[in-house]
Amino acid sequence: MMMLSHGDHTTAELLGAYGFPNEIYTAVNQWFDHYLKGVNNGIDSQQSVQLKSQTGTWSTFADWSAVQQGAVTYNLTRPVSCGLLYQCTGSLATGTASGWQYGITGGYLTAATTGVAFVSGALTGFLNLPPAVALPLVNRWNAGVWVGQPATQAQNLTGMPSLQVTVTPTSNQLTLVAYLYDVNASGIGQLMTWKPYTIGNAMVGVPQTIAMNLEATDWQINPGDQLALVIDTADLRYAGVTPLNRDVTFSASTAVPSTLTVSLH
């Protein structure tokens, strides 16, 4: 049985290690009781995959394939409607993919962040206080931003979202950090999941398509909230390699679209 909950490396299980009530430690003890002592406690009949949302609700699945069911693929569109401050934003669209290009300047931090190791994980897991961002404050000179339509009903985003994006770097050293947010009507996003991705031998000036899976999650999305994808090139948690002031161009074509795929239940 696999149990996944929000947090960084043991933060979700920390209280159990000190003898306090803890769901994961309880399950572990039940496994030992059943398989070593022969206690008939029902642990062997539970679903194989269990995911805990940020609200503390556990969802159960027969296997990982069931977690990833309900997949929806969104095409990333060209960021437009830039305004006076060049705050360009693209869409997460379900229509036909089209060709586009959009460039940023790499190597700089933005308002998007994965937070502080262990601290942010504990705050997310225990107090439902994930790293947050005011989406309008993400500098589009240094990041690509794509936003979906408001959710029409409550739903859970589960499993590992997958991202495919084509990039053209001007340096052979490139780090990308992808952040997926749950954004409310006020433009404040809560970090659901993320992933850093580094290429140490990138082909300068050549479009290359990158595919990555973001970290597994189970996140309850409220009606009216929107998915927001941010991709930049630096984060304080990770030792990125993108040099300052080196341009990075995101792009897509009808043959090779840039996409985000998520599982919604």
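The values are calculated or read from the model by the stated rules, or taken from the named source; none is laboratory data. Bear in mind that the values here come from a model prediction, so they are computed numbers and not experimental data. Please note: Cβ atoms are built from the backbone with ideal geometry, for glycine as well, and neighbour counts cover all protein chains shown. Heavy atoms of the whole protein, side chains included, go into the accessibility calculation; ligands, DNA and RNA do not. Shrake-Rupley method; radii C 1.70, N 1.55, O 1.52, S 1.80 Å.
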Quick check, is S59 over 16 Å from F126 (Cα atoms), in contact (Cβ under 8 Å) with a residue 60 or more places away in the chain and open to solvent by less than 60 Å² (accessible area, probe 1.4 Å)?
yes
Exactly one condition in (1) open to solvent by less than 10 Å² (accessible area, probe 1.4 Å); (2) not in a strand (DSSP E or B) is false for L163; which is it?
(2)
Within the bounds of region 75-88, is there any residue that is among the β-branched types (V, I, T), buried (at least 18 other Cβ atoms within 10 Å of the Cβ) and touching a His at 6+ places or on another chain (Cβ under 9 Å)?
no
Here's a check for you: in region 244-259, which residue that is in a loop (DSSP other than H, G, I, E, B), open to solvent by 40 Å² or more (accessible area, probe 1.4 Å) and in contact (Cβ under 8 Å) with a residue 60 or more places away in the chain is nearest to N172 (Cα to Cα)?
R246
In region 167-185, is there at least one residue being in a loop (DSSP other than H, G, I, E, B) and on the phi > 0 side of the Ramachandran plot?
no
When region 1-30 is examined, which residues are found to be exposed (fewer than 14 other Cβ atoms within 10 Å of the Cβ) and more than 13 Å from T60 (Cβ to Cβ)?
H9, T10, A17, Y18, G19, F20, P21, T26
Kindly check whether there is at least one residue in region 211-227 that is open to solvent by less than 30 Å² (accessible area, probe 1.4 Å), part of a strand (DSSP E or B), at pLDDT 95 or above and more than 21 Å from G70 (Cβ to Cβ).
no
Of all residues in region 1-18, which are without any contact (Cβ under 8 Å) to a residue 24 or more places away in the chain, part of a loop (DSSP other than H, G, I, E, B) and under 21 Å from A216 (Cα atoms)?
T10
Out of the residues in region 116-151 meeting the condition of being polar (S, T, N, Q) and under 27 Å from L4 (Cα atoms), tell me which one is surrounded by the fewest Cβ atoms within 10 Å (Cβ to Cβ).
N128
From the list F118, F126, exactly one residue is modelled with pLDDT under 95, farther than 21 Å from N213 by Cα, of a type outside the set (G, A, S) and touching an Asp or Glu at 6+ places or on another chain (Cβ under 8 Å). Which is it?
F118
So which of A228, A211, A178 ends up being hydrophobic (A, V, I, L, M, F, W, C) and touching a helix residue (DSSP H, G or I) at 6+ places or on another chain (Cβ under 8 Å)?
A228
Starting from residues that are surrounded by fewer than 22 Cβ atoms within 10 Å (Cβ to Cβ) and of a type in the set (G, A, S), keep the ones in region 174-201 and report whichever is farthest from H6 (Cα to Cα).
G200
Working only within region 234-265, note down all residues that are under 28 Å from G121 (Cα atoms), more than 15 Å from the chain's Cα centre (by Cα) and among the β-branched types (V, I, T).
V241, T242
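Here is a yes/no grid of residues against (1) in contact with a helix residue (DSSP H, G or I) (Cβ under 7 Å, 6 or more places away or on another chain); (2) over 30 Å from A234 (Cβ atoms):
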{"site": "I43", "(1), (2)": "yes, yes"}
{"site": "S48", "(1), (2)": "no, yes"}
{"site": "G56", "(1), (2)": "no, yes"}
{"site": "Q69", "(1), (2)": "no, yes"}
{"site": "V80", "(1), (2)": "no, no"}
{"site": "Q87", "(1), (2)": "yes, no"}
{"site": "A93", "(1), (2)": "no, no"}
{"site": "Q101", "(1), (2)": "no, no"}
Show me the strands (runs of 3 or more DSSP E) found entirely inside region 19-103 where at least 1 residues are more than 27 Å from S251 (Cβ to Cβ).
49-52, 58-61
With the condition kept exactly as written, say whether any residue in region 97-107 is in contact (Cβ under 8 Å) with a residue 40 or more places away in the chain and either touching a Cys at 6+ places or on another chain (Cβ under 8 Å) or exposed (fewer than 12 other Cβ atoms within 10 Å of the Cβ) (or both).
yes
Given the conditions (1) in contact (Cβ under 8 Å) with a residue 12 or more places away in the chain; (2) closer than 22 Å to S59 by Cβ, report the number of the one that G200 does not fulfil.
(2)
